[in-house]
Amino acid sequence: MSWSDKTIAAFDLETTGLSPYADEIVQIAFIYQDGTGAILPDSWTTIVNPERAIPSNASAIHGITTERASKDGVNLAGAIDELFERFKDVVARDIPLIIYNAPFDLGFMQARAKRRNTTLPDLNIVDPLVCDRQLDKYRRGARNLETVSRHYGLFPENLHDAGVDAQLTASLARAMSEKYAEMQDLSFTQLHQKQIVWHKEWAESYSKFMRSKGRKSDVAERTWPV
């Protein structure tokens with residue numbers, strides 16, 4: 001059986017902004033899907049109180065205001081503790097963790113690990129964005145979660161809710177593995193290693209393209225998944 005026929009986990013964050021060091025988490029989803037795609041009971045989605053004001057431009061994207069987070073959000077430190085425990089859980093249970101554009105979400109978690117003088121567990125990640133760039137590299141158009149999901153026959157609604165995005169990301173990984181033998185025939189540990197190479201090749205190509213346009217890019221200097 002392929003990894004995609006078994007239980008998988010998916011992780012997504014909504015935040016106050018784009019900086020893992022200057023911004024904070026406002027919503028977390030960590031969901032588990034069984035081999036049929038059904039959401040398992042131990043899945044977890046919560047609003048988090050970031051203990052700061054949420055900028056209006058961020059609220060416009062994910063719909064979580066400062067007032068709502070203050071009223072409905074769980075304790076920030078406790079939520080981070082729970083996330084680290086779930087990271088340990090997927091490692092212990094040998095479950096792949098699906099994250100769309102993993103460097104963003106894991107970047108936030110790496111920053112929080114550093115604050116605690118610890119490190120992230122040795123996670124095996126499947127990132128549909130990295131796989132799509134490699135396996136359909138000449139397709140034109142956007143590569144955001146909504147556009148890529150539609151390309152693979154999924155019909156996303158109510159995006160930028162962490163729970164919705166995490167479920168969609170898990171379903172997208174399964175749909176892609178059904179299409180591409182390069183994903184299905186590898187163990188998720190092997191696929192993780194392949195993605196490191198695929199991302200590096202894409203980043204170097206993208207940076208070269210940007211230089212040809214007279215523009216600077218530091219993409220090639222960024223590693224994956226974090």
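Each reported figure results from applying straightforward, stated rules to the coordinates on display, with no laboratory input. Everything numeric in this text was worked out from a predicted model, so none of it was measured. When we count neighbours, we look across all protein chains shown, and the Cβ atoms used for this are built from the backbone with ideal geometry, even at glycine.
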Checklist outcome for this item: Once normalised by the length of the chain, the mean sequence separation of its alpha carbon contacts under 8 Å that are 6 or more apart gives a contact order in percent of 23
Next on the checklist: Please list, by residue number, every one of the chymotrypsin sites (Phe, Trp or Tyr not before Pro) in the range 66-113 that is coil in DSSP and has at most 10 other beta-carbon atoms within 10 Å.
Outcome noted: none
Item to check | Rough spin-label spacing in nm, given labels placed 7 Å along Cα→Cβ, for Tyr138 and Asp72 | outcome: 4.7
Checklist entry - Say the cut-off is 24 Å between C-alpha atoms; which of Lys6/Lys137; Lys179/Lys216; Lys137/Lys216; Lys88/Lys137; Lys88/Lys200; Lys88/Lys179 go over it? => result Lys6/Lys137; Lys179/Lys216; Lys88/Lys137; Lys88/Lys200; Lys88/Lys179
Next on the checklist: Among 145-154, 178-187, 114-123, how do they line up by average Cβ neighbours within 10 Å per residue, starting with the highest?
Outcome noted: 145-154, 178-187, 114-123
Item to check | Gyration tensor verdict on the range 130-193 (Cα atoms; rounded if a/c is under 1.5, prolate if a/b is larger than b/c, oblate otherwise) | outcome: oblate
Checklist entry - Which loop-located GluC sites (Glu not before Pro) does the range 28-106 contain, where loop means any DSSP state but H, G, I, E or B and the Cβ has at most 16 other Cβ atoms within 10 Å? => result Glu51
Checklist entry - Pick the calculated log10 I(q)/I(0) by the Debye sum over Cα atoms at q = 0.08, 0.10 Å⁻¹ for this structure from (i) -0.29, -0.45; (ii) -0.47, -0.64; (iii) -0.35, -0.52? => result (i)
Checklist outcome for this item: the range 208-226 and the range 1-60 have their Cα centres apart by a whole-number Å value of 27
Checklist entry - Which of the trypsin sites (Lys or Arg not before Pro) across the range 1-109 are loop residues per DSSP, with 16 or fewer other Cβ within 10 Å? => result Lys6, Arg52, Arg93
